[in-house]
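Contents: one structure, followed by commentary.
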Amino acid sequence: MFEYADAAVEAALGAGARYADARVMDRRHESMNARNGEIEGLTQEGSVGIGVRALIGSGWGFFSTADLSADAARQAGTQAASIARASASVPGADLELTPVEARTDHWENPVGEDPMAVPLAEKGDLLVAATKAMRDHGADVAQATYDVWDTTKWLTSSEGHRIDQRIRECGAAMEATVNGEAETQRRSYPGIRGQYGTRGWELVRELDLLANAPRIADEARELLTAPQCPSLDATDLIIGSEQMALQIHESVGHAVELDRILGWEAAFAGTSWLDLAQLGSLRFGSDLMNVTADATLPGALGSFGYDDEGTPSHPVDIVRDGIWVGVLSGRDSAALAGLDSSGGAVRGDGYNRLPMVRMTNVGLLPGTSSLEEMIAATDDGLLIDTNRSWSIDDKRLNFQFGCEIGWEVKGGKRGRMIRNPTYTGIGPRFWQSLDMLGSEAEWTFWGTPNCGKGQPGQIGHTGHPAVPCRFRGVRVGVR
Amino acid sequence: MTPEPLLEVCERVLRLVGTDAEAEITVTSGSESLTRFATSFIHQNVTDASRQLHLRVALDGRVAEAAANQTDDDALERLVRSTIDAARLQPVDPGWPGLSPPFEAPAVDHWDDATAAAEPTVRAERVAAFVGAADGLETAGFCSSAGNEVAFANSAGQRATGRSTTALLDGIARTGTSDGAARAASARIADLDGAAAGSEATRLARDAADATDLEPGTYEVVLSPSCVVNVLLFLALYGFNGRAVEEGRSFARLGEAQFDVGIELADDVTHPQAVGIGFDAEGTPKRRLELVRGGVTSGLVHDRRTAKALGAESTGNALEGAGPFGALAANLVLEPGSETPDALIGAVERGLLVTDFWYTRILDPRTMVVTGLTRNGVWLVEDGRIVRPVTNLRFTQSYLDALAPGAVRGVGSDATLVGSGSYDAGAYVVPSLHLAAWSFTGGAKG
């Protein structure tokens, strides 16, 4: 496949580009879903094609095609340069690219059990059994699904990159829904988005859907009659690690994307409350807050060998001891911001999408407390977990999140279940109220397989290492 | 490719499937281009010459789906063989509704040759005009053009072809303390006026500058078409969707006056301002479908599976590979009223004029309580006059209650085509609305 990528890059340079790269990508995706004890859908998708990126002046041009031939690749390269030239007709300052060593390499993630090779019947039986178990325990609607991706991509650039990678990912999700007189309740496992990673089918086996199906159905039914989350202007809030993954994703991960900070997403995804002039000095959270973006974490969903610009994966400090110290960046955004090098965070969703700044594995480093210690240390508060709703402003500052389930915490003990828990806050104020941080024993690499960004829309796979946390003085029960 | 060769690809696939299985195949081919600008220069500019095949087969009720993007003989053989092999291994699907019978699709042709063939320079000209009209303010946004041709065939004898073009211009101008937005949508890129949109965004940005806080609470609102689209999208996703009704998650109760008498809502791909094609992913023809008539819930949207489950007929709203999601209205039309947007504002005693909603998420599908924020300009209106811009607010509001009987004080005459913005839900034709009450639960600053 390298020959097509080479032909495309050569054609783009011949048409006037001062830099060009091309990715050939071959991706297979398999998904099955079951509902109420029956298999309702099996989809197997395959796509292959080439995407070419060309830079002229201040503007990128990108052209993609499903036609894989030397002629089509050359034509794609020429088209990309032509589009870049049109970009240059509404110009800014010339874009520069931070330097990166041009390597020739192959990378693939280790997989214990190839998920594509597990028999369809076995995978289907698991989903059927899980949904039957939820129905048996009172779910009005029981659903379960799995997804498997197997992606191979070949990258070449006009600077000499020649990198091929094979990335295999999989995971599963299930949920139980119950309908009451006036409202609907839902419990998900292991989280609202399931659990996904750059691993084999062993990940799904470890989830043990069957053992958890009855519990979530019972909890969903119990939620219908549980008391409403109280409306309080300030309380101590313990948040489980699944919801913390969402909290990190929305209020840290997107906020530190350099393209947003530079205004490149201003009209759609939004900007960021962060100002580059404060990089290295701004207090983002309490001293307990340490966040990294680390695409080298084994098995995490945002892991890879090289990003789509050929930058090797490496850990990037984002928040250190509560101080904002890093961003998610690519070669062009890093250069514009005056940074020395790319953070290696540029990826495209498929051959036909322009690579852009995406989260890798953005997560909290663990502390020393356990969830039980947090409960024991809380006299009057709430414990909540499993994301249900999420909304945050276009600067990634004001958020309101809802969870599927919560419990009162009184006198250091977990009390009654509560329904419809929500909480709201302002990012840095909220993170500065962090006073207890879960330990490595509860550190989970949550995977988010559906992060939307960009125009045309792109779906990103991101990872979020997270632990349970306690925050002080949080507004809850917004109605 | 023209529609005829695409249909030939469909026929090749059906021949490969043979007569032992039910099968349906959709082939889509075209080009989608999008030119993005930010900090007043074009920074991303893409064209995807796309092609997509979607095959579904059923062997005695054992169903499998597959998608691919290659059409050579070997690729088609692999596609068909692997899909049939997968279907053989599946259990019988008791909800399998069978294939769409032969039926003629409505004669819609939302197509413009110039839009389908638009060069990057055509989009760049509109961006340049938008940027140039901003009078020195920073700008950001996009201009897109797309043309897709679609062919559908199934082993029950249904054959259909369609084509559609879409052009969008969407941008903001920024003062440093405020943003103003303007947008346009059409099947024809010639309809997009970059200078007019840039001027409008600039005027609104300046009008919204130096906003001050307003105490959260319940206010009358005048919602722009962009906000109204968001409200209707949620009603479509969680309410009118036959799947939500089947599972007991929907508010919709046919024959009940669940909306204000001023609400007249239909799904209608034949509307002259609409975009899209005349059949759905299962080959079922679309038709004008009334969802709310005089405030009374009068219809639901179905694919073949939800229709079978509820003893209804498919309304031509199946989505490709939608699976458990169900059916979605892609061409909602909210009937306009007779009042201009200025007249709607003039009737407000004390309330807010809202340009855009942002990051809206459902809290409970039954009550349709949604939280989100305002964006791109909010103004306090008193005694029918715009008094001052206010800072963004968070709301937590039941979209159903907002449109309930007696809650709609005015329907604008400004019916506008607006992209739904998410879920591939198409584009809706909607006017502004004046609503009696909207619950703002916090300031965006906290």
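In the condition set (1) free of Cβ contacts under 8 Å to residues at least 24 places away in the same chain; (2) more than 30 Å from B:Gly321 (Cα to Cα); (3) touching a strand residue (DSSP E or B) at 6+ places or on another chain (Cβ under 6 Å), A:Asp71 is compliant with all but (3). Among the residues making up the range A:451-479, a single one is crowded, with 20+ Cβ neighbours inside 10 Å, away from chain B (no Cβ under 14 Å) and basic (Lys, Arg): A:Arg470. Counting only strands (runs of 3 or more DSSP E) that sit wholly inside the range A:1-120, those with at least 1 residues that are surrounded by fewer than 21 Cβ atoms within 10 Å (Cβ to Cβ) and among the acidic types (Asp, Glu) are A:19-35, A:38-56, A:104-108.
When you check B:Gly98 against the structure, is it outside any loop (DSSP other than H, G, I, E, B), in contact (Cβ under 8 Å) with a residue 12 or more places away in the chain and at positive phi, yes or no? Considered against the rule, which asks whether it is outside any loop (DSSP other than H, G, I, E, B), in contact (Cβ under 8 Å) with a residue 12 or more places away in the chain and at positive phi, B:Gly98 comes out as no. Applying the set (1) crowded, with 19+ Cβ neighbours inside 10 Å; (2) farther than 24 Å from A:Ala102 by Cβ; (3) more than 18 Å from the chain's Cα centre (by Cα) to A:Gly310 leaves exactly one unmet item: (2).
In this structure, B:Glu24 does not qualify as away from every other protein chain (no Cβ under 12 Å) and either among the β-branched types (Val, Ile, Thr) or not in a strand (DSSP E or B) (or both). Out of the residues in the range A:229-258 that are over 22 Å from A:Glu442 (Cβ atoms) and of a type in the set (Asp, Glu), which is surrounded by the most Cβ atoms within 10 Å (Cβ to Cβ)? The selected residue is A:Glu257. How many residues are more than 8 Å from every other protein chain (Cβ to nearest Cβ), assigned to a loop (DSSP other than H, G, I, E, B) and touching a Pro at 6+ places or on another chain (Cβ under 9 Å) when one looks only at the range A:384-399? The qualifying residues number 0. For B:Thr121, the conditions (1) closer than 18 Å to B:Asn45 by Cβ; (2) outside any strand (DSSP E or B); (3) in contact (Cβ under 8 Å) with a residue 40 or more places away in the chain are fulfilled apart from (3). When you scan the range B:357-377, do you find a residue that is touching a residue at least 24 places away in the same chain (Cβ under 8 Å), away from chain A (no Cβ under 11 Å) and in a strand (DSSP E or B), even just one? Looking through the range B:357-377, at least one residue is touching a residue at least 24 places away in the same chain (Cβ under 8 Å), away from chain A (no Cβ under 11 Å) and in a strand (DSSP E or B). Among the residues making up the range A:133-166, those that are surrounded by fewer than 19 Cβ atoms within 10 Å (Cβ to Cβ) and within 14 Å of another protein chain (Cβ to nearest Cβ) are A:Arg135, A:Gly138. When the residues of the range B:243-269 are narrowed to those that are part of a loop (DSSP other than H, G, I, E, B) and under 15 Å from the mean Cα position of the chain (by Cα), which ends up surrounded by the most Cβ atoms within 10 Å (Cβ to Cβ)? In this case the residue turns out to be B:Val269. Residues that are surrounded by fewer than 20 Cβ atoms within 10 Å (Cβ to Cβ) and either touching a strand residue (DSSP E or B) at 6+ places or on another chain (Cβ under 9 Å) or at pLDDT 95 or above (or both): does the range A:378-389 have at least one? Yes; the residues of the range A:378-389 include at least one that is surrounded by fewer than 20 Cβ atoms within 10 Å (Cβ to Cβ) and either touching a strand residue (DSSP E or B) at 6+ places or on another chain (Cβ under 9 Å) or at pLDDT 95 or above (or both).
Can you work out which of the residues in the range A:167-192 that are within 11 Å of chain B (Cβ to nearest Cβ) and of a type in the set (S, T, N, Q) is nearest to A:Ala211 (Cα to Cα)? The selected residue is A:Thr177.
If the condition is being assigned to a loop (DSSP other than H, G, I, E, B), closer than 18 Å to B:His54 by Cβ and either in contact (Cβ under 8 Å) with a residue 40 or more places away in the chain or more than 14 Å from every other protein chain (Cβ to nearest Cβ) (or both), then the range B:309-333 contributes B:Ser314, B:Gly316, B:Asn317, B:Leu319, B:Glu320, B:Gly321, B:Ala322, B:Gly326, B:Ala327, B:Leu328, B:Ala330. Considering the range B:183-199, and only residues there that are crowded, with 22+ Cβ neighbours inside 10 Å and farther than 9 Å from B:Leu169 by Cβ, the residue that is modelled with the lowest pLDDT turns out to be B:Ala187. Out of the range B:64-82, which residues are surrounded by 13 or more Cβ atoms within 10 Å (Cβ to Cβ) and more than 7 Å from chain A (Cβ to nearest Cβ)? B:Thr71, B:Ala75, B:Leu76, B:Glu77, B:Arg78, B:Leu79, B:Val80, listed by residue number.
Pairs meeting the criteria (first residue in the range A:126-149 and under 15 Å from A:Gln195 (Cβ atoms), second residue acidic (Asp, Glu), beta carbons under 6 Å, at least 6 apart or on different chains) are A:Val148/A:Glu30; A:Trp149/A:Glu169.
How many residues does the range A:425-479 contain that are charged (D, E, K, R), farther than 13 Å from A:Gln247 by Cα, in a strand (DSSP E or B) and touching a Ser or Thr at 6+ places or on another chain (Cβ under 9 Å)? The qualifying residues number 3. All of A:Ala73, A:Ala129, A:Ala121, A:Ala34 fail the test of being under 30 Å from B:Pro97 (Cα atoms) and more than 11 Å from every other protein chain (Cβ to nearest Cβ), apart from A:Ala129. Scanning the range B:355-364 for residues that are over 21 Å from the mean Cα position of the chain (by Cα) and modelled with pLDDT of 95 or more turns up nothing. Within the range B:30-63, the set of residues being closer than 20 Å to A:Glu45 by Cβ, within 7 Å of chain A (Cβ to nearest Cβ) and in contact with a Pro (Cβ under 9 Å, 6 or more places away or on another chain) comprises B:Glu32, B:Asp48. Among residues that are among the aliphatic types (A, V, I, L, M), closer than 28 Å to A:Val128 by Cα and touching a residue at least 12 places away in the same chain (Cβ under 8 Å), A:Leu262 is not included.
When the residues of the range B:100-124 are filtered to those that are facing another protein chain (nearest Cβ under 8 Å) and crowded, with 18+ Cβ neighbours inside 10 Å, the one that is nearest to A:Val90 (Cα to Cα) is B:Ala124.
Residues are listed down the side, and each one gets a yes or a no for (1) under 24 Å from B:Val108 (Cβ atoms); (2) under 21 Å from the mean Cα position of the chain (by Cα); (3) of a type in the set (A, V, I, L, M):
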{"site": "B:Gly141", "(1), (2), (3)": "no, yes, no"}
{"site": "B:Ser144", "(1), (2), (3)": "yes, yes, no"}
{"site": "B:Asn148", "(1), (2), (3)": "yes, yes, no"}
{"site": "B:Ala190", "(1), (2), (3)": "yes, no, yes"}
{"site": "B:Ser199", "(1), (2), (3)": "no, no, no"}
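Which of the residues spanning the range B:88-99 are buried (at least 19 other Cβ atoms within 10 Å of the Cβ), of a type in the set (A, V, I, L, M) and within 8 Å of chain A (Cβ to nearest Cβ)? Those that are buried (at least 19 other Cβ atoms within 10 Å of the Cβ), of a type in the set (A, V, I, L, M) and within 8 Å of chain A (Cβ to nearest Cβ): none in the range B:88-99. Taking the residues in the range A:41-58 that are at the interface with chain B (Cβ under 7 Å from one of its Cβ atoms) and modelled with pLDDT of 95 or more as candidates, determine which candidate is nearest to A:Ala20 (Cα to Cα). Among them, the one singled out is A:Gly49. Across the range A:375-396, the number of residues qualifying as free of Cβ contacts under 8 Å to residues at least 40 places away in the same chain and among the polar types (S, T, N, Q) comes to 2.
The values are calculated or read from the model by the stated rules, or taken from the named source; none is laboratory data. The shown structure was predicted, so the numbers you read here are calculated from the model rather than taken from an experiment. Quick reminder, even Gly has a Cβ in these numbers, built from the backbone with ideal geometry, and neighbours come from all protein chains shown.
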